[in-house]
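Take a look at the structure set out below.
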Amino acid sequence: MSEQTMNPSGHLHTVAQDWADEKQAFHVPWGKLMMWIFLISDTFIFSCFLIGYMNVRMSATEPWPYASEVFALTLFGNNIPLILIAIMTFILITSSGTMALAVRYAHFRDRKKIALFMFITAAFGASFVGMQAFEWTKLISEGVRPWANPFGAPQFGSIFFMVTGFHGLHVSIGVIYLSIVASKVLKGDYDKKNNYDIVEITGLYWHFVDLVWVFIFAFFYLW
Amino acid sequence: MAYIPIADQPSELHDPHSFITKYVWSQDHKVIAIQYACTAIFVGLIALVLSGMMRLQLGYPDTFSFIDPSNYYQFVTMHGMIMVIYLLTALFLGGFGNYLIPLQIGARDMVFPYLNMLSYWFYLLSVLILLASFFVVGGPTGAGWTLYPPQAILRGTPGADMGIVLMLVSLAVFIVAFTMGGLNYVTTVLQARTHGMTLMRMPLSVWGIFVATILGLFAFPALFVSAVMMAFDKLIGTSFFMPAIQSLGQDLGYAGGSPILFQHLFWFFGHPEVYIVALPAFGLVSDVLSTHARKNIFGYRMMVWAIVIIGALSFIVWAHHMYVSGMNPYFGFFFAFTTLIIAVPTAIKVYNWVLTLWQGNIRLTVPMLFAMGFIFTFIHGGLTGIFLGNVTVDLPLSDTYFVVAHFHMVMGVSPIMVLFAAIYHWFPKISGKMFNVTLGKIHFWATFLGTYAIYLPMHYLGFLGVPRRYYALGNTDFIPDSAMALNANITQAAIFVGIMQLVFIINIIWSLKSGPKAESNPWDATSLEWQTPDTPPVHGNWGPKLPVVYRWAYEYAVPGVKDDFVPQSVPPEEVEMEEGAGKYVDRSEEHH
């Protein structure tokens, strides 16, 4: 140790040594690391979808519809662009906050509050999916289909339904996942080993789904 | 830090209680590995038969009435896809990854045994879906293993109805299966190593499998996305990959899609896939060579870094598969440059293998023969890769038999040589029985020489300009009669090599039934899997206490030591020395 501290590059060396050290590269539970690796892999899926979207949008032969017109909603006689999506985004980001609270109470082993905040998160998620269903219904009633689009390039419909659908699937799975974990928390299943890592692992997944939404929001609604 | 690593915490081991939980719904990594391996070898044999049918048609056109052009393309497609994904990927990662990772790093099992079990059953499901396509209307897809649109989903391509859909679904299921297994492999290597097993003491097998799994987790998403998009194009009429197309005077309703997008997505998966297969092979062969040459692997650190660097580079070379698809010339320059850079770490590995053999006390066992055969075939396939990596050389050679010869040498024959080396090498540990050496040697020479008889002439055919993927060449002026004679010879060699694989199957079955009992460590190897208390290892692998690791896995022919090797798990003070040799000095730290 003393040799290393004398060596100017000692610090870097120690970091490398720690990482390559025996047993564990990261001081985290197995499940948490696995979720991280899965999320990196899932990032590649969404990246491929988004890169595919950019490519399709650039090579489409017909004009791409204007987001502010397609995604506008008439409320109380006013045509407000992007209002629905603003609410949806707000709800999803709020749900990340309630998820963070659930993780915080997991540190205190406060079963009721963990479950409460997880259920709130799931409810936010479910309302997000509900609003997405509303948005889809509106677009479909206006004639947008995966293979056709009255506002311009048919690829708009294809890629929009596919990517938001894939993300909506992630949110739906997250809602189910949250509900299962929350009810197990309430029953005290995790008290047996006093191990509440699962709350944080679920949280990782949920925050990831939110983060992906930010990108989808930017690419589909603001571009 | 008062942090107890999870591997040391007491936890239940899911001990199997009945026949079903022990052999069918098993969560033991060794049983799952064997399930993976048997399934993979089974589909591999189907793909081998398909290649034999292709060769019959090519060698003797107009002879076999049961092979029509549609069948031929279906055979080509299924042969390629099965070999690359359902055999090689599954056998290296699902088979050897599952078997060797926990045993070589000193763990009791994978970190998530249940997920690991699901991984196998999803893999089996994907295989069944794939095989089901042989029995649907129109048969399996004949789009070529690259499944390029628009032809892959257009009428006129065999299997354009159900075949292509089943293929895409099967790939998606395979990717789910791979992800479940892959998360396990990576997490296990990172988090569940036994005491003393630092990353830089891991056998190269684990390094190769580990990095290949990471590549898979990052590359398969691109295939998943392209499979989903193509399925939508086929099933609900989107136009992701489909430009406007008229077929028989009819507008097909597609417009504005980009076939090149598919090629980019496919090869962003497809090139790392080459290394998903090659890196485990590099790792396994390093261990086999070092053990049977009784010498430490030359340049261990460099070997590890070469694996990591090759893995990283493999993500930025994909468009070298698309030189003739049409690209900005600067892209061609970039991708040719990155492609040729890969030759540097790869050459380092080859030099190090040869230098490992240099002055070694080589034991010409069956696994060693296959491992040395690999060095030949790999150098061979690697050199032709340099031809094809250059844009200007690639253009005339593209879509000729030169390409077929190249990739079969480098990612067909070479990984298969390693697979045989690895199967023969670890068979005594896996089964507790010894295989028949004579049959093994017959198998080696037939396979090694036979593959050369198949693929060497193909390079020449490629230079003549004989195009690949053609059902029949017909009377073409630039193809001389000698080329047709050569084609017949290649077919004879291919049938011979195919039949000689029966020797391997017979050897395995015979040895399992009545082979002599194998010792615990028949090759005098150092790595942990050879030091298990039971052979074959039982559930939990290590008995009551996990092994402790004191050094790297390559302590062979140590001066002064009584045996010519020191296992990883023997404490320095217990190493038996020759008289007057003094105290044992651990060499491994010098190499670090």
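The values are calculated or read from the model by the stated rules, or taken from the named source; none is laboratory data. These numbers come from a predicted model, not from an experiment. Positions of Cβ are backbone-derived with ideal geometry, glycine not excepted, and every protein chain shown enters the neighbour counts.
Observations, loosely collected:
- Within segment A:132-174, the set of residues being buried (at least 16 other Cβ atoms within 10 Å of the Cβ), part of a helix (DSSP H, G or I), more than 12 Å from every other protein chain (Cβ to nearest Cβ) and among the aliphatic types (A, V, I, L, M) comprises A:LEU139, A:VAL171.
This table checks each residue for (1) within 30 Å of B:MET200 (Cα to Cα); (2) over 24 Å from the mean Cα position of the chain (by Cα); (3) of a type in the set (Phe, Trp, Tyr).
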residue	(1), (2), (3)
B:PHE496	no, no, yes
B:ILE508	no, no, no
B:LYS517	no, yes, no
B:PRO522	yes, yes, no
B:TRP530	yes, no, yes
B:THR535	yes, yes, no
B:VAL538	yes, yes, no
B:TYR550	yes, yes, yes
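- Any hit, segment B:246-259, residues being facing chain A (nearest Cβ under 9 Å) and assigned to a helix (DSSP H, G or I): no
Table: residues versus (1) among the β-branched types (Val, Ile, Thr); (2) assigned to a helix (DSSP H, G or I); (3) more than 28 Å from B:TYR300 (Cα to Cα).
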| residue | (1), (2), (3) |
| --- | --- |
| B:ILE348 | yes, yes, no |
| B:TYR351 | no, yes, no |
| B:ILE379 | yes, yes, no |
| B:THR384 | yes, yes, no |
| B:ASP394 | no, yes, yes |
| B:ILE416 | yes, yes, no |
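- Residue check, A:MET99 assigned to a helix (DSSP H, G or I), touching a residue at least 12 places away in the same chain (Cβ under 8 Å) and within 25 Å of A:GLN155 (Cβ to Cβ): no
- When B:ALA483 is tested against (1) part of a helix (DSSP H, G or I); (2) at pLDDT 95 or above, only condition (2) is not met.
- A residue that is among the aromatic types (Phe, Trp, Tyr), in a helix (DSSP H, G or I) and either within 14 Å of chain B (Cβ to nearest Cβ) or surrounded by 15 or more Cβ atoms within 10 Å (Cβ to Cβ) (or both) occurs nowhere in segment A:193-203.
- Filter result for B:SER239 (closer than 21 Å to B:LEU125 by Cα and either within 9 Å of another protein chain (Cβ to nearest Cβ) or touching a Pro at 6+ places or on another chain (Cβ under 8 Å) (or both)): no
- Filter result (facing another protein chain (nearest Cβ under 7 Å) and part of a helix (DSSP H, G or I)) within segment B:194-227: B:LEU199, B:MET200, B:LEU217, B:PHE218, B:PRO221, B:ALA222, B:PHE224, B:VAL225
- Looking at B:ASP287, B:ASP233, just one residue is of a type in the set (Asp, Glu) and closer than 16 Å to A:ASN55 by Cβ, and that residue is B:ASP233.
- Residue satisfying all of: in segment B:182-193; touching a Gly at 6+ places or on another chain (Cβ under 7 Å) and more than 7 Å from chain A (Cβ to nearest Cβ); farthest from B:VAL111 (Cα to Cα) among these: B:GLY182
- Between B:TYR86, B:TYR114, the distinction of being under 30 Å from B:MET197 (Cβ atoms) and out of contact with any Phe, Trp or Tyr (no Cβ under 6 Å at 6 or more places or on another chain) belongs to B:TYR114 only.
- Single residue of segment A:40-76 satisfying the filter (charged (D, E, K, R) and facing chain B (nearest Cβ under 10 Å)) that is surrounded by the fewest Cβ atoms within 10 Å (Cβ to Cβ): A:GLU62
- Residue in segment B:27-45 that is more than 14 Å from chain A (Cβ to nearest Cβ), farther than 25 Å from B:THR213 by Cα and modelled with pLDDT of 95 or more present: no
A quick yes/no check of all residues on (1) among the hydroxyl-bearing types (Ser, Thr, Tyr); (2) in contact with a helix residue (DSSP H, G or I) (Cβ under 9 Å, 6 or more places away or on another chain); (3) closer than 30 Å to B:GLY256 by Cβ:
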| site | (1), (2), (3) |
| --- | --- |
| A:PRO65 | no, yes, yes |
| A:LEU84 | no, yes, yes |
| A:THR94 | yes, yes, no |
| A:ILE114 | no, yes, no |
| A:MET118 | no, yes, no |
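Conditions (1) outside any loop (DSSP other than H, G, I, E, B); (2) of a type in the set (Val, Ile, Thr); (3) more than 14 Å from every other protein chain (Cβ to nearest Cβ); (4) at positive phi, marked per residue:
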| position | (1), (2), (3), (4) |
| --- | --- |
| B:ASP233 | yes, no, no, no |
| B:GLY283 | yes, no, yes, no |
| B:VAL288 | yes, yes, yes, no |
| B:ALA306 | yes, no, yes, no |
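- Among the residues of segment B:538-563, the one identified as in contact with a helix residue (DSSP H, G or I) (Cβ under 8 Å, 6 or more places away or on another chain) and not in a loop (DSSP other than H, G, I, E, B) is B:TYR556.
- Identity of the residue in segment B:515-537, among the polar types (S, T, N, Q), closer than 15 Å to B:ASP287 by Cβ and in a loop (DSSP other than H, G, I, E, B), that ends up farthest from the other protein chains (Cβ to nearest Cβ): B:ASN521
- Answer residue from segment B:151-181, given it is within 14 Å of chain A (Cβ to nearest Cβ) and of a type outside the set (A, V, I, L, M) and is nearest to the chain's Cα centre (by Cα) among those: B:PHE178
- B:GLY270 vs. criteria touching a Gly at 6+ places or on another chain (Cβ under 7 Å), of a type in the set (Gly, Ala, Ser) and either more than 7 Å from chain A (Cβ to nearest Cβ) or free of Cβ contacts under 8 Å to residues at least 60 places away in the same chain (or both): no
- Hits in segment B:149-167 (condition: surrounded by fewer than 23 Cβ atoms within 10 Å (Cβ to Cβ) and at pLDDT 95 or above): B:VAL165, B:LEU166
Residue-wise test of (1) over 16 Å from A:ALA122 (Cβ atoms); (2) under 21 Å from the mean Cα position of the chain (by Cα); (3) without any contact (Cβ under 8 Å) to a residue 60 or more places away in the chain.
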{"site": "A:SER179", "(1), (2), (3)": "no, yes, no"}
{"site": "A:LYS184", "(1), (2), (3)": "no, no, yes"}
{"site": "A:GLY188", "(1), (2), (3)": "yes, no, no"}
{"site": "A:ILE198", "(1), (2), (3)": "no, yes, no"}
{"site": "A:THR202", "(1), (2), (3)": "no, yes, no"}
{"site": "A:LEU222", "(1), (2), (3)": "yes, yes, no"}
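- Answer residue from segment B:291-309, given it is without any contact (Cβ under 8 Å) to a residue 60 or more places away in the chain and under 30 Å from B:VAL366 (Cα atoms) and is surrounded by the fewest Cβ atoms within 10 Å (Cβ to Cβ) among those: B:TRP305
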